[in-house]
Amino acid sequence: MDKGKSIGIGLMGLGVVGGGVAKVLADKAEILAGQAGIPLVLKRVLVRELGKQRPVSLKLGCLVTESGEIINDPEIDIVVEVMGGEYPAAEYIREALIRGKHVVTANKEVMAKQGLELLTLAEEHGVELRYEASVGGGIPLIAPFQQDLIANNILAIHAIINGTTNYILTQMAQGGLDFSAALEQAQELGYAEADPSNDVEGMDAAYKLAILATLAFRIQVKPEDVYCEGISRLKACDFRYAHELGYVIKLLAIAKGSDSSIEVRVHPTFIPENIMLAKVDGVYNAVQVEGDLMGKVIFYGEGAGTSPTSSAVVADIMAVAQNIRRGATSSPRLQLGEVKTIKSMLDIETRYYLRLNVADQSGVLAQISKALGDCDISISSVIQKEADPMAKTAELVIMTHPARERAVQQALEEVGQLPVVKEISNFVRVEV
Ligand code: NAP
Ligand code: HSE
């Protein structure tokens, strides 16, 4: 097909997401051409290994292993990067933009670490860089932040934005699975990244939160600004106690803004079981955004996997294609606002769940509550659980009233030194 009579696409990556994108472009070619007003033609696909079995059948010669065959191809208008990882993906995106190609990416790591530079580069070269699939899989989030929510001062984001960990936490809470069995299932279903440590340790959610917080608060939030704690410290008993106390445990990505600072953090969180976020289970994601005008809005849907993610990638391709056909370049601009500081984690204030293994003898509770009280931490409830008569120990579960993290860390250090305290087994932040 002649250049100008079709839009050429170069796909970089043919894995979980790339395979889905190639399939949608083939299966829905006619509908997409109708809606874009011009056919979309998949010209070339970059992979590492030519011999691998692929989920879609492609034209002979379509698969390539050299990025230059896409970046330098004059018939390719849109480069779709779905390889993953920071390098070489970021370099390929940069080269494509410089060569005047529009770019669509699902790569949260690149967008979190280098997004602002790349968006500026795209603007300088009069091309678009879209990244809807980088956060929340099939859930529209980037476009709403760029457009529909723009009149609001964003006050807070509370988000479940990692499908793998939400799937694992759900299986542990409801299915009684242990951590490794639940992770294995998540990998089989294509939710987890090849290296699941980014999911499990919270980095994947931190990248996504950095992208959302940058859009929401109009300041550059880098991944290293986000306090990040994964789910591997949670034990089966934490889920039981949470349930008894009327909570569920979610890996929550939280961003809160004030006039002068923002806090950005990802960590396991107790949330009341009757709120909407508590009902977001399995691979589903949900992002609750609170704005000064709109109040609370929740975006909910499938946050990972082939089809939902392809939906977002193809939507971006379509938006670019429509703009190319109209002769317009309308990459949404990201205008940064006033500088704000990132709040230290020690200055956040929230409630805490503490689980301690203690000597099962009189006076223990008094010693612990004194240590907490000395640091100005007020207890809201205490339950003594699962005494072990052989070891003469008991498990204490304590919920606090709101307290400063700095005070809680100091108190835990002092509590840990009490001879009657065998172990501080866990502490989890609570959001209401
Ligand atoms: P994946 O299944 O591992 O696929 C990666 C693809 O990229 C493979 O086809 C691989 O080629 C190719 N590739 C990787 N490095 C390459 C290199 N250096 N040169 C050439 N080809 C290379 O990954 P994925 O799950 O589709 O994820 C892709 C991107 O989408 C990532 O940025 C991810 O964070 C993002 N994302 C994923 C999901 C999801 O549900 N999986 C959801 C939202 C966003 P071979 O096939 O030859 O190995
Ligand atoms: N591994 C990611 C998740 C894929 O589990 O949410 C979507 O970005």
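Considering (1) away from ligand 2 (no atom under 16 Å from the Cβ); (2) at pLDDT 95 or above, the lone condition that Q147 does not fulfil carries the number (2).
Applying a threshold of 9 Å to beta carbon distances and a minimum spacing of six or more residues, or different chains, the list of pairs starting in segment 307-318 at a residue that is open to solvent by less than 10 Å² (accessible area, probe 1.4 Å) and ending at one that is part of a helix (DSSP H, G or I) and among the polar types (S, T, N, Q) reads A312/S134. Only residues that are surrounded by 24 or more Cβ atoms within 10 Å (Cβ to Cβ), under 14 Å from G230 (Cβ atoms) and out of contact with any Pro (no Cβ under 9 Å at 6 or more places or on another chain) were counted across segment 169-203, and they come to 2. The sole residue among G327, G303 that is within 25 Å of A182 (Cα to Cα) and either within 14 Å of ligand 1 (Cβ to nearest atom) or more than 19 Å from the chain's Cα centre (by Cα) (or both) is G303. Of the residues making up segment 218-235, those that are out of contact with any Gly (no Cβ under 7 Å at 6 or more places or on another chain), open to solvent by less than 70 Å² (accessible area, probe 1.4 Å) and closer than 18 Å to Q171 by Cβ number 3.
If I filter segment 102-111 for residues that are outside the structural domain of A159 (by TED's automatic domain parsing), under 18 Å from A328 (Cα atoms) and surrounded by fewer than 19 Cβ atoms within 10 Å (Cβ to Cβ), do I get at least one hit? No, because not a single residue in segment 102-111 is outside the structural domain of A159 (by TED's automatic domain parsing), under 18 Å from A328 (Cα atoms) and surrounded by fewer than 19 Cβ atoms within 10 Å (Cβ to Cβ). Within segment 17-57, can you find the residues that are surrounded by 22 or more Cβ atoms within 10 Å (Cβ to Cβ) and assigned to a helix (DSSP H, G or I)? If the condition is that a residue be surrounded by 22 or more Cβ atoms within 10 Å (Cβ to Cβ) and assigned to a helix (DSSP H, G or I), then V17, G18, G20, V21, A22 are the ones that fit. Please tell me if I78 is more than 31 Å from the chain's Cα centre (by Cα), modelled with pLDDT of 95 or more and buried (at least 18 other Cβ atoms within 10 Å of the Cβ). Answer is no for this residue.
Only one of the numbered conditions (1) buried (at least 24 other Cβ atoms within 10 Å of the Cβ); (2) hydrophobic (A, V, I, L, M, F, W, C); (3) within 16 Å of ligand 2 (Cβ to nearest atom) is not met by A89, and that is (1).
Let's see how each residue does on (1) in a strand (DSSP E or B); (2) over 21 Å from K235 (Cα atoms); (3) touching an Asp or Glu at 6+ places or on another chain (Cβ under 8 Å):
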| site | (1), (2), (3) |
| --- | --- |
| A156 | yes, yes, yes |
| N166 | no, no, yes |
| T170 | no, no, yes |
| A173 | no, no, no |
| G176 | no, no, no |
| A182 | no, no, no |
| Q185 | no, no, no |
| G190 | no, yes, no |
| D195 | no, yes, no |
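Among the residues that make up segment 365-384, is at least one of them open to solvent by 40 Å² or more (accessible area, probe 1.4 Å), part of a helix (DSSP H, G or I), polar (S, T, N, Q) and more than 25 Å from L251 (Cα to Cα)? Yes; the residues of segment 365-384 include at least one that is open to solvent by 40 Å² or more (accessible area, probe 1.4 Å), part of a helix (DSSP H, G or I), polar (S, T, N, Q) and more than 25 Å from L251 (Cα to Cα).
The values are calculated or read from the model by the stated rules, or taken from the named source; none is laboratory data. Note that the structure is predicted; figures quoted are calculated from it, not measured. Cβ atoms come from the backbone with ideal geometry, glycine included; neighbour counts cover every protein chain shown. Accessible surface is based on the protein model in full, side chains and every heavy atom, while ligands, DNA and RNA are left aside. Shrake-Rupley method; radii C 1.70, N 1.55, O 1.52, S 1.80 Å.
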